[in-house]
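Quick notes on the structure that follows.
Values in this text are rule-based calculations from the coordinates and carry no lab data. Since the model is a prediction, treat every value here as computed from it, not as a measurement. Every residue, glycine as well, gets a Cβ built from its backbone with ideal geometry; the counts of neighbours run over all protein chains shown.
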Amino acid sequence: MDCLGLFILLILMFFQWTAGHTAEEISWTYTGLVGQSEWPEYFPDCGGTSQSPVDVITTQTKYDPSLIPVTPLGYSQHGNRPFTLYNNGHTAVVELPDWMGLGGLPWLFTAVQMHLHWGSGSPSHGGSEHTINGLSADAELHVVHYNSELYPNMSAAMTQRDGLAVLGILIVTGEETNPSFNNILNYLSRIRHANQKVSIPAFDVQSLLPQDLGRYYRYNGSLTTPPCYQSVIWTLFHERVQISKAQLLRMETILYSSKAEEPDKMLLQDNYRATHPLNHRVILTSFSAESWKELSSGEVTAIVIGVMCGCVGLAVVIRFIVKTIRFFKLLHLETVVVNSSTSSWDVLPSNRPAPMPRIKEMEKALEKKQDMTLNLTSETEKKEEPSPCPETEP
Ligand SMILES: *[C@@H]1O[C@H](CO)[C@@H](O)[C@H](O)[C@H]1NC(C)=O
Ligand SMILES: *[C@@H]1O[C@H](CO)[C@@H](O)[C@H](O)[C@H]1NC(C)=O
């Protein structure tokens with residue numbers, strides 16, 4: 001009986017161990033033994049043909065005028081209940097209340113969570129998952145929603161086509177601090193180790209998004225972490241959001257991917273996946289590069305001022321040319337006048353013949369001409385003379 005009892009206990013322990021291993025996901029990483037190139041071995045979808053992130057080659061995108069602006073629903077009505085921020089060993093996640101959602105898509109989507117991807121501070125390195133024309137941003141924010149019109153919850157939706165909608169926000173650094181991001185960054189020191197959780201004051205989630213929600217890239221892709229389900233309608237905003245270098249540094253250097261009890265601390269850095277081929281997918285744009293709609297009011301003002309300056313410049317040039325032509329015409333006339341007057345003054349010196357004979361010659365010539373015309377008229381008169389005769393005939 002003792003032997004049988006031990007055997008049953010061992011079998012139970014074995015099942016518990018295997019069950020524990022399948023339920024608790026395989027601990028994947030970005031580099032190393034279960035790094036991103038090995039993900040497909042453990043998570044078959046990661047080797048699929050519609051994976052994310054992708055590189056957006058802007059010249060190969062297609063303008064779709066039917067893409068209306070996405071509309072965050074309830075993002076600013078955060079209420080009084082705190083948000084939960086936690087370190088899942090791969091990123092910092094903020095759980096979102098289920099009254100937040102997303103409109104402007106073919107279905108209504110309900111918010112689930114948002115999280116960040118970043119680099120490791122080296123300038124050559126990226127940090128964002130999506131790239132535009134091969135260029136990375138410093139970090140990227142993802143706001144995850146599930147299709148609550150077609151599916152009852154996140155776990156049911158995440159495996160289905162059109163099950164999820166994720167907003168991608170590219171983050172770059174500048175001089176100014178972005179106070180909205182401090183609503184998350186100020187609490188990272190409370191979740192330094194994997195599996196740590198903290199309640200943070202609720203805040204306006206829309207303040208993390210860019211101003212312009214009308215211009216974006218749209219494509220069908222996947223989760224960028226295992227199990228890489230190809231269930232995501234991606235919206236990557238054209239406008240980037242700016243944070244300070246100090247804020248980026250906090251994002252990159254505070255968190256560990258290791259648990260508190262683990263002896264070796266591992267910094268949580270470079271938690272971004274490499275871009276994947278489009279494989280015949282087309283990235284749609286809600287804006288046309290040739291369209292005037294794409295230009296901001298500032299750009300339009302600049303163009304209007306430029307055109308006005310151009311017109312004024314052209315008018316000045318034309319005026320100058322006209323004036324120059326007039327000047328040369330006047331100069332020409334003056335020289336002619338001066339020439340004729342000098343010739344008359346030249347008459348005075350005695351070495352020149354007097355103008356009189358010339359006048360006489362001219363008078364003679366005129367007389368001759370007059371004679372000619374008189375002769376001609378007399379001839380025509382003579383010729384016309386018989387003409388009235390036939391008219392008198394009865
Ligand atoms: C999600 O919905 C499915 C299908 O209705 C259900 O079986 C499952 O228990 C739900 N999961 C959660 C976490 O509520
Ligand atoms: C995504 O796939 C759906 C089919 O499930 C298709 O109707 C839609 O046009 C695709 N969207 C894009 C942006 O290609």
Legend entry - In order through region 280-289: 3J(HN,Hα) via Karplus (6.51 cos²θ - 1.76 cosθ + 1.60), integer Hz, x for Gly, Pro: 6, 6, 10, 8, 8, 10, 7, 9, 9, 5
Legend entry - Nitroxide proxy distance, nm - points 7 Å out along Cα→Cβ at A302 and N186: 3.5 nm
Legend entry - Cut-off under 5 Å, modelled amide H: who pairs with G103 long-range: T71, L73
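Counting only other residues whose beta carbon sits under 14 Å from that of F83, what net charge do I get with K and R as +1, D and E as -1? Let's see the in-between values first.
On the way: positive: R81, R190, K197; negative: E95, D98, D204.
Net charge around F83: 0.
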Inset, instruction - Could you tally the net charge around E129, taking each other residue with its Cβ under 13 Å from the Cβ of E129, Lys/Arg +1 and Asp/Glu -1? - result: -3
Inset, instruction - Between R240 and E38, take the C-beta separation as r, use R0 = 35 Å, and let me know the FRET efficiency to the nearest 0.05. - result: 0.65
Inset, instruction - Before anything else, pin down the relative contact order of region 25-293: Cα pairs under 8 Å, at least 6 apart, normalised by residue count, whole percent. - result: 28 percent
